[in-house]
Amino acid sequence: MAVDGAELILSVPDDVLALISAHLRPRDLLALSAASRRLYTALSTSDKSWLAQCRHLLPSSLSNLLAWRAAAGGSSLTVCRFLHSVSPLQGLWAHQNPELGNLVTALPGFFSLVAVRAIPQELSPRLLWAPVFEILADADGRPAFLFLHGHHPGSLFPGLLASVNPHANTLLLEAHAPASSEPSSQFSRLSFGNRRRLLDALVASCRVTLPPELAAAPLFARSDEDLPMLAARREAMLRLHIESGGGMVRRPELEALLGAKKVPPSLPVDSTGERVRLRRSLSAMAGYVRDGLRQMVTRSASANSRSEYADSKHLSLDEFLRASESTGLSLRGARLRLSTYRAWPSMHDNRFALYKLTTQVPMPGREYAGLWRGTFGWPPGRPDDEGKPGKALFFLLLSYEEDSEGKLLLIATKVLEGTHYVVHPNGSSMFVVRVGESSTEAFPFPTDEDSRSVSIERCFAGEGIATGYGFRYPGSKPGSLFVLRDGRLAFVWRDNKSVLTLQRLNLEELLRKGERVPTLPPIPNFAYLTKSYSNVFVAIHGSPSCSSSPR
């Protein structure tokens with residue numbers, strides 16, 4: 001006798017259904033629930049099935065996940081909806097400025113997504129980081145509530161998460177006018193100066209402050225003891241978001257702020273007028289020279305310039321404000337057409353954006369893909385060795401590409417540099433290795449930091465960066481990549497025997513065990529649009545842990 005498929009599934013015990021669902025994807029469960037009304041009722045009320053999905057999306061302790069579920073009103077489906085919705089935003093993001101490194105990691109917080117920046121620093125037991133923004137879920141588990149972080153620990157700037165493209169490669173900070181039919185496109189039509197002024201005015205008006213007892217609370221769980229405080233902090237943030245009206249600022253208040261900023265400074269009085277005219281002429285000449293130099297040294301971003309921000313006819317700020325009675329901050333995960341050079345996207349310096357860094361998954365034949373940390377010199381530095389002088393900490397993203405002849409290359413792209421003044425710009429290829437070409441070079445050092453013999457597993461030929469700082473295509477010199485049997489990598493320049501030693505890292509784990517430091521002001525904290533070759537974070541946390549040279 002034929003048995004209906006739905007009847008068979010409904011007859012399975014709840015625990016067995018949970019085991020089966022653990023091998024499915026969330027969209028498979030949703031498709032199954034859409035097959036019939038009875039399946040929809042059974043799966044929507046089967047909390048164990050959705051809890052199994054959550055354990056795949058949030059591979060942390062069960063107590064942490066159960067605390068998330070409690071914050072979501074006891075619904076694992078709500079937690080799963082949030083985790084699935086914010087999954088395109090998780091991972092590594094970056095901006096070109098400052099050149100020392102602007103690496104942002106988005107990771108799960110407490111029923112939230114937290115984005116934090118790794119601070120350029122020396123190798124130490126605790127990684128320094130600063131919060132950038134947080135995204136909280138609404139009652140249905142949809143990511144909706146945005147909070148930017150400011151310089152003071154308790155200062156938050158509320159807004160909304162406008163939209164998330166499933167394949168987002170850009171995070172755009174914008175102004176949101178709810179009455180506008182296309183708020184994002186309208187904001188993109190503003191000139192860069194007006195976009196900056198509007199965002200600055202919004203953060204000046206929408207600031208909220210956490211209670212003192214919660215200002216120093218952790219952003220993510222380091223142990224089960226943090227869970228009650230994290231739950232209290234989340235409730236306080238949701239309450240502040242509601243009380244502030246989602247950070248929406250009324251048009252009269254914005255116009256008053258923007259009008260005050262438009263008042264030009266008074267010019268000095270000169271009885272003859274000649275010095276004023278001369279000063280104006282010199283200023284105009286300096287501006288002309290500065291603009292010419294900027295065009296010569298700025299990286300080419302022509303492939304990315306044909307974007308939504310390239311509208312030749314700018315929208316006036318008054319027209320943008322008239323479209324709605326109130327305006328607020330918003331974050332949008334967009335999919336833009338971007339050009340890349342060796343895993344590093346071409347970026348604009350006039351867009352408040354973070355760009356996704358694609359992290360390849362290690363696989364047979366491409367075992368070394370992923371994020372690594374490294375230091376210059378031999379023996380390599382150790383985080384727990386506080387007795388020796390510190391070494392600059394480098395983060396490198398290793399990825400595989402094929403050259404024009406179809407040969408496989410291993411490329412190490414610098415994404416963070418812990419020096420005081422930049423030696424190599426963001427996106428530099430620290431070394432490029434030809435995977436199919438073995439090297440005959442011998443490792444120049446017989447023992448490691450523990451006086452043990454160095455054992456080499458494999459060795460590849462390649463080229464390492466040279467000739468100091470280069471804007472886009474610096475010089476290179478031959479070298480070899482050695483694969484040590486303890487899992488580390490060491491690239492050695494042939495001429496001077498300089499060594500860059502790498503060790504694979506779990507950045508999320510380092511951040512959870514790291515040390516939080518104060519941030520920049522909210523808008524520059526999101527995307528630092530002023531070109532700088534020094535460590536702009538040193539003055540904030542007052543840390544001397546940034547060396548002057550990696551060599």
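The values are calculated or read from the model by the stated rules, or taken from the named source; none is laboratory data. All of these numbers come straight from a predicted model, not from anything done at the bench. Here the Cβ is made from the backbone with ideal geometry for all residues, glycine too, and neighbour counts use every protein chain on show. For accessibility, only protein heavy atoms count, side chains too; no ligands or nucleic acids. Shrake-Rupley method; radii C 1.70, N 1.55, O 1.52, S 1.80 Å.
The table that follows gives values for the structure above.
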item	result
Answer residue from region 423-460, given it is open to solvent by 10 Å² or more (accessible area, probe 1.4 Å) and of a type in the set (A, V, I, L, M) and is farthest from Pro474 (Cα to Cα) among those	Val454
Cβ pairs under 6 Å, 6+ apart, first in region 410-428 and assigned to a loop (DSSP other than H, G, I, E, B), second of a type in the set (S, T, N, Q)	Gly418/Gln121; His420/Asn535; His420/Ser548; Asn426/Gln96
Extreme residue, nearest to the chain's Cα centre (by Cα), among residues of region 41-88 that are farther than 25 Å from Ala168 by Cβ and among the β-branched types (Val, Ile, Thr)	Thr45
Residue in region 123-135 that is of a type outside the set (A, V, I, L, M, F, W, C), within 17 Å of Arg234 (Cβ to Cβ) and open to solvent by 10 Å² or more (accessible area, probe 1.4 Å) present	no
Of all residues making up region 372-414, the number that are modelled with pLDDT of 90 or more, out of contact with any Lys or Arg (no Cβ under 7 Å at 6 or more places or on another chain) and within 11 Å of Glu122 (Cα to Cα)	2
Within region 116-144, tally of residues that are in contact with an Asp or Glu (Cβ under 7 Å, 6 or more places away or on another chain) and farther than 28 Å from Gly377 by Cβ	1
Long-range neighbours under 8 Å by Cβ, at least six apart or interchain, first residue outside any helix (DSSP H, G or I) within region 40-61, second among the acidic types (Asp, Glu)	Ser46/Asp14; Ser61/Asp224
Residue within region 27-48 that is open to solvent by less than 60 Å² (accessible area, probe 1.4 Å), acidic (Asp, Glu) and in contact with an Asp or Glu (Cβ under 9 Å, 6 or more places away or on another chain) present	yes
Selected residue (only one of Ala70, Ala18 is at pLDDT below 90, among the hydrophobic types (A, V, I, L, M, F, W, C) and surrounded by fewer than 21 Cβ atoms within 10 Å (Cβ to Cβ))	Ala18
Region 116-136, residues that are part of a strand (DSSP E or B), in contact with a His (Cβ under 8 Å, 6 or more places away or on another chain) and among the β-branched types (Val, Ile, Thr)	Val132
Identity of the residue in region 99-115, part of a strand (DSSP E or B) and either within 22 Å of Pro383 (Cβ to Cβ) or among the hydroxyl-bearing types (Ser, Thr, Tyr) (or both), that ends up farthest from the chain's Cα centre (by Cα)	Ser112
Within region 494-551, considering residues that are of a type in the set (Ser, Thr, Tyr), at pLDDT 85 or above and open to solvent by 20 Å² or more (accessible area, probe 1.4 Å), the one nearest to Gly374 (Cα to Cα)	Ser498
Pairs with Cβ under 8 Å, 6+ apart, first in region 230-242 and open to solvent by 30 Å² or more (accessible area, probe 1.4 Å), second in a helix (DSSP H, G or I) and not β-branched (Val, Ile, Thr)	Ala231/Ala67; Ala231/Ala70; Ala231/Ala71; Ala232/Leu214
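Quick grid of which residues meet (1) under 18 Å from Phe482 (Cβ atoms); (2) of a type in the set (Asp, Glu):
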| site | (1), (2) |
| --- | --- |
| Leu393 | no, no |
| Leu397 | no, no |
| Asp403 | no, yes |
| Lys407 | no, no |
| Glu417 | no, yes |
| Pro425 | no, no |
| Met430 | yes, no |
| Ser438 | yes, no |
| Glu449 | yes, yes |
